[in-house]
Amino acid sequence: MSKPTPPETISPEPTQGRPRSLADDLRRRDDQALTQLLRLRPDLLNPVPADLRALAARATGAPSMARALDHFDAFSLAVACVAAQHDDPIVTDDVIAAVKEREPHVDPDRITRTLDQLHELGLTWGLPAYIAMVRGCRDILLAQSEEFINSALAQPELADPADAVVRAPQQVAISAAQNALESVRLVEALCRLWTTQPPNGLRTGGLSARDLARTADELDVDPTTAALLVETAYNAGLIANDGAADSIFTTTTNFDEWEQGDTATRWVTLARAWLLTDRVAGLVGARDSKDNKLAALSPDLERSYGISLRLAVLQELASLADHTSVSDATLIARLDWRRPRRVDPSKHAFIMWTTHEAATLGVTGLGALSPHGVQLIADPAGSNDEDLVVSALTVSLPQPVDHVILQPDLTAIAPGPLLPELARELSLLADIESTGGATVFRFSENSLRRGFDQGRDAATILDFITNLSRTPVPQPLEYAIADLAKRHGQLRIGNAACYIRCEDNTLLDSVMAASETQSLMLRRIAPSVVVSSASPTSVIDRLHAMGLTPTAEGPDGGVVITRGTGRQPTAHRPMVRLRDEAGPNERLLVAAVKALRSGEDTEGRTTTEEVLPTRPLPPRTPPAKTVSILRAAIDEGAALRIGYASSNGSTVEHMIDPVRVNAGQVTAYDHRGGDVRTFTISRIAGVEVIDPGSLPTTEQV
C-alpha cells in the first residue's frame, strides 16, 4: 500500500497571504467547503481524521487521489493534465492559454471550472490565480498520453447522439409495463417450479448447467433470460440454498409474502434487487481464469463494479432527452467520456448486458427509460415514504381482469392480466401458450393432473372453470376432467424411511401391538413386511430397547452395519438486503467538520466535567428505549446526554449529537472529546434529550 505523502509547501511568492501548504489551505476553508470535500471524497471519513493536518495527509495518498480523479470527464482530465505540465505555482491564465493554444475554440470558463474542481477536491491549493498541485496528483496526470489530451480537448461537451431515436411516450410506457408484467409472471413461475422440483446445489456453490437448461425449458425462455430470472429471484430473497449436505435451491418464506402483493409492488422488489446487487448474471456460462464455466448462483459472479456501473448506465439513459433510445455503442462511448480513467473494454460487455436486462425486466421500453424506470434510479433503495416507482408503474399497467373465454380447442383466452389469485389457480390447471395483450392458456392431461396432484377434485376444478369463463365449458374439456378423475390415484406411491421384514408373523404382530412402537407409525403392507416413516436407526434403537435383536439389511438383502448420525439440517433462507450506494449522510458530514475544527485546538483544552458543574447522570433506560431515543434524536437533530460505562467500570457523562445507529452501535459527535466516535449501545446506562443551550461552547471545548 502506498503511503500518503506529507502535506507539501510552496514558496511565498508571488502573492503574500497565500496558504503555505494543503493543510493551511484546508484551515482557511469554511465549513461548507470542507463539507463538500468530504462529500466528494467519502474515503477520507474512514475514520474521521483527528485534525485538518491529518486530513491533508490522508488526502494526498495515491489511492485516494486516484479515486478523486475518477470523477473527471475526459475534457476535465485533459485540462488537469495540461495544468500538471506547469511548475508550481501554477498561474491560471497560463493554463487557459496553453489549452487554447491546442484548441482555440474552448470556452475559458470551462477551463476555470476544472481548476476549481481540482481545488474543491483537495488536489490543489492556493489562491484562485496561483495554485500548487499535490505531487502525487501531478505524477498520475503526467502519465496520460498526449494523444488522449489532444483528443479529449477537442470534445469539451458530449454532443447529441447521431443515432438517437425519440419514441412515443405511450409506447415506451406500455412496452416497459408489458415486460414488467411478464418478468413478474416468470419469476413467480420459477419459484413455483422450484417449490415442487427443487434443483440440487453444486458442491462448489451454484446451479448446474443442466438444471439451468431444464428451468429454461420449463419457463419457455432462453438460458440467458433464465439465468437473469434465477439471479434476480435469488437477490430478492425469494429463493435460496437450504444449507443441507445434499443442498437444494428452493423458495423461501419471503416468497409467500411477496406473492400476496400487487403486480407493481412485486415488480419493484425485483427491480431493486437487480439494480442494487454486485452479482452479474451475464457472466453465467463464461469462463474464469482457470477455464471453468461460471454457474448461476455461484459466488464467482460477484463483481465490485456491478452496482455503480449498472446505475451509471441507467443514469446515462436518463440524461438523454425524454423517451430517447440510443445504440449500445453510443452508450459505451458516452460512458467512456464521462469516466475516462475507468475505461475497461472488458466492462463494455457488462454495459450491453445491462441494457438487455433492463429491457427484459421492464425498466426500459423500446430502448428508452420508462417513467417507472426514471423513478427507480431517482430512489434506488426505496428510502422515500411514498414509493413513486409503484405509482408510476401502476398507471402504465393494464387493469386486471376476472374472467377468461374458453375455446372448443381446450384453450382459454384471458383478455388482460388476470387477478393474481385467479392467475395462480389457472396456471396450476393449464399451461401458458402465449403472452402479450392477451394470454392464451391450454388445458392438457398433464396440466389437469397438476390440479389433481394438488388435492383438487373434478367438481372443484369444473366449478372454478365455470365461474371463471364468460362462455360455457366445452364438452371435450368436461370429458377430459371426468376421465382423468376416474384414473387418477389408482396407483398409490408413498414414502417409507425403512421397512421391517420378518418370516415370523406372530413376532411381527407383537411388535406392531407393543406400546413402545406406536410412535413409529408402523403400517403393514404384506403379511411379513411392515413399513415406517421413521429412520432405520430410530427403529433399531426402539426395538433394542424392547429386548429384541434386529439387524440392518442392505439393498441386496445382506447384513450391514449402521452408523446413523441422526442430524437434521436446518434450512437457511436469508433475506437479501439491498445496498444503498448513497454517500455519507449530512449529519455525519457536519459532525466530521465539527470534529476537525475541534482537533485544531487541542492545547489547554479542558474537559466537559471541568467546565460544567457536577450533576446527576441521566436516568437509566432499557436498551430498547435507548435505541428508540437515539433514532428519534437522529431524525429530529437533537442533542443527547448519556451515561456511558467506561472500560474501568465507572459511568461517565457524554454529550453527543447522534449521527447513525447500526449493528448495536451509535456513531455520534462527542462534545466531551471534540471528535466523532462510536458508542456501544449496550454500555449506555441512560439517555435523555438536552437543551442545545446547555452544550459546552466553542471556548469551553
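Any read-out appearing in this document is the output of simple, stated calculations on the displayed coordinates, not a laboratory observation. Computed from a predicted model, the values in this text were never measured in an experiment. Don't worry about glycine lacking a Cβ; one is built from the backbone with ideal geometry, like all the others, and counts go over all protein chains shown.
Within a 10 angstrom radius of the beta carbon, how do ARG53, ARG102 rank from fewest other beta carbons to most?
So the residues, fewest neighbours to most, are ARG102, ARG53.
Based only on Cα atoms, what Rg/Rh ratio does the stretch 367-416 have, Rh being taken as Kirkwood's radius? Please report the intermediate quantities before stating the final value.
On the way: Rg = 17.0 Å, Rh = 13.5 Å.
Using only Cα positions, Rg/Rh for the stretch 367-416 is 1.26.
Quick one: helix 328-338 against the long Cα principal axis of the chain, what's the angle to the nearest 10°, folded into 0 to 90?
Tilt of helix 328-338: around 30 degrees.
Angle, helix 74-84 long axis vs. longest principal axis of the chain, Cα atoms, 0 to 90°, nearest 10?
Roughly 40 degrees, rounded to the nearest 10.
Once phi is turned into θ = phi - 60°, what whole-Hz ³J(HN,Hα) does the Karplus curve with 6.51, -1.76 and 1.60 give for every residue of the stretch 340-354, x standing for Gly and Pro?
Here the 3J(HN,Hα) series is x, 6, 9, 5, 8, x, 5, 8, 5, 5, 4, 4, 5, 4, 5 Hz.
For ARG185, ARG110, ARG138, what's the fewest-to-most ordering of other Cβ within 10 Å of each Cβ?
On the way: ARG185 20, ARG110 15, ARG138 23.
Listed from fewest to most nearby Cβ atoms, that is ARG110, ARG185, ARG138.
Could you give the alpha-carbon Rg of the stretch 405-487 over 2.2 N^0.38 Å, rounded to two decimals?
For the stretch 405-487, the normalised Cα radius of gyration comes out at 1.00.
Give me the Å³ per residue figure for the convex hull around the C-alpha atoms of the chain. If you can, show how the numbers build up before the last one.
Values: hull volume 178.3 nm³, N = 701.
It is 254 Å³ per residue.
Output the 0 to 90 degree angle, nearest 10, between the alpha-carbon long axis of helix 458-468 and the longest principal axis computed from the alpha carbons of the chain.
Roughly 50 degrees, rounded to the nearest 10.
For the chain, what is the calculated [θ] at 222 nm in deg cm²/dmol (nearest 500), taking -39500 (n - 2.57) for each run of four or more DSSP H residues and dividing by its residue count?
-13500 deg cm²/dmol
Would you mind checking which residues have amide H under 5 Å from GLU553's amide H? H placed 1.01 Å from N; only 5 or more apart, or other chain.
VAL560
Counting other C-beta atoms within 10 Å, which of LYS625, LYS486 has the fewest, and how do the rest follow?
By the 10 Å Cβ count, ascending, the order reads LYS486, LYS625.
By per-residue mean of other Cβ atoms within 10 Å, what is the highest-first order of 653-660, 243-250, 407-414?
Packing proxy ranking, top to bottom: 653-660, 407-414, 243-250.
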